[in-house]
1. Rounded to the nearest 10 Å², what accessible area does HIS193 have for a 1.4 Å probe in the complete protein model?
2. Given springs between every Cα pair under 10 Å in a Gaussian network model of the chain, which of ALA143, ALA43, ALA123 has the largest fluctuation?
3. Can you tell me the relative contact order of segment 42-166? Whole percent, Cα pairs under 8 Å, sequence separation 6 or more.
4. Given a Förster distance of 45 angstrom, what is the FRET efficiency for ASP103 paired with LYS50, based on the Cβ-Cβ distance and rounded to 0.05?
5. Once every Cα of segment 21-177 carries one equal point scatterer and solvent is ignored, give the base-10 log of I(q)/I(0) from the Debye formula at q = 0.10, 0.13, 0.16 Å⁻¹, two decimals.
6. What FRET efficiency would be calculated for the residue pair ALA117, SER11, taking the C-beta separation as r and a Förster radius of 22 Å, to the nearest 0.05?
7. What residues have an amide H closer than 5 Å to that of LYS124, excluding those fewer than 5 places away on the same chain, when H is modeled at 1.01 Å from N in the peptide plane?
8. Under a point spin-label approximation (7 Å from Cα along Cα-to-Cβ), what is the LYS75-SER36 distance to one decimal in nm?
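The values are calculated or read from the model by the stated rules, or taken from the named source; none is laboratory data. A quick note: this is a predicted structure, and the numbers were derived from the prediction, not measured. Virtual Cβ from ideal backbone geometry, glycine too; neighbours counted across all protein chains shown. Calculation scope for accessible area: heavy atoms of the full protein, side chains included, ligands and nucleic acids excluded. Shrake-Rupley method; radii C 1.70, N 1.55, O 1.52, S 1.80 Å.
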Amino acid sequence: MVSVCSLSARSLSSSPLWGKKINVIGDSYVYNHKESWQFTWHAKIADKYKMTYRNYGKNGNGLVTSSASGVPVVKRYGEMDHDVDYIVVVGGKNDYNKQIPMDEFIEGLRNLCVSLAKDYPGAKICFFTPWCIYPDSSKDPKALKLVDYVNAIIKVCGEYSFPVYDSSRKADVRMYSPEFRSKYCQSPTDVSHLNQQGHLYFMNKAEVFLLSL
């Protein structure tokens, strides 16, 4: 009789993720703000499937806009290791925070997509959008709404056939909820950063998405 444990191990080792190399680049969603990157959902998935994991997150980093954390992803993507099977790009929240004009954001995203496709031709590349903060966008106090940046990521990545996980609509990460934040975020007032329990909460959805690539 084959044990459940051996079946599980056999299933994992036959996964398309097993033993592969993964680069994750972006903002504090990747770096994990004040907690260890080892707590993140992407690091946990990499560990589960015995992947080579590389974290290129920077707190405060934009996809397109420069910030105190340095040059944005569109200008530093090339620092990633080129021997890679999967690239995960996470961001957009800091571009929204700085209210970068939408035409500039879209142009930067297109440049990023073109560059990734050219420089990492063998990699499976995907994007994750920011979490939902305002389920009713009319409550978003900024001129350019967070959902505008989310929609731009989905639109532009679609132009280049890069899969996008719409974390704002599909993640069930409710940053607008004080009760959710108290349980799953790094502080009760933090609308961006999951704690270790929060990363575990989201991990399954992200894992299913990556397995589908």
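1. Accessible surface of HIS193 is approximately 20 Å².
2. ALA143
3. 24
4. 0.55
5. Ignoring solvent entirely, the Cα scatterers give -0.33, -0.56, -0.87.
6. Between ALA117 and SER11 the formula returns 0.10.
7. Residues meeting the amide H criterion: TYR86, ILE87.
8. Modelled inter-label distance: 3.3 nm.
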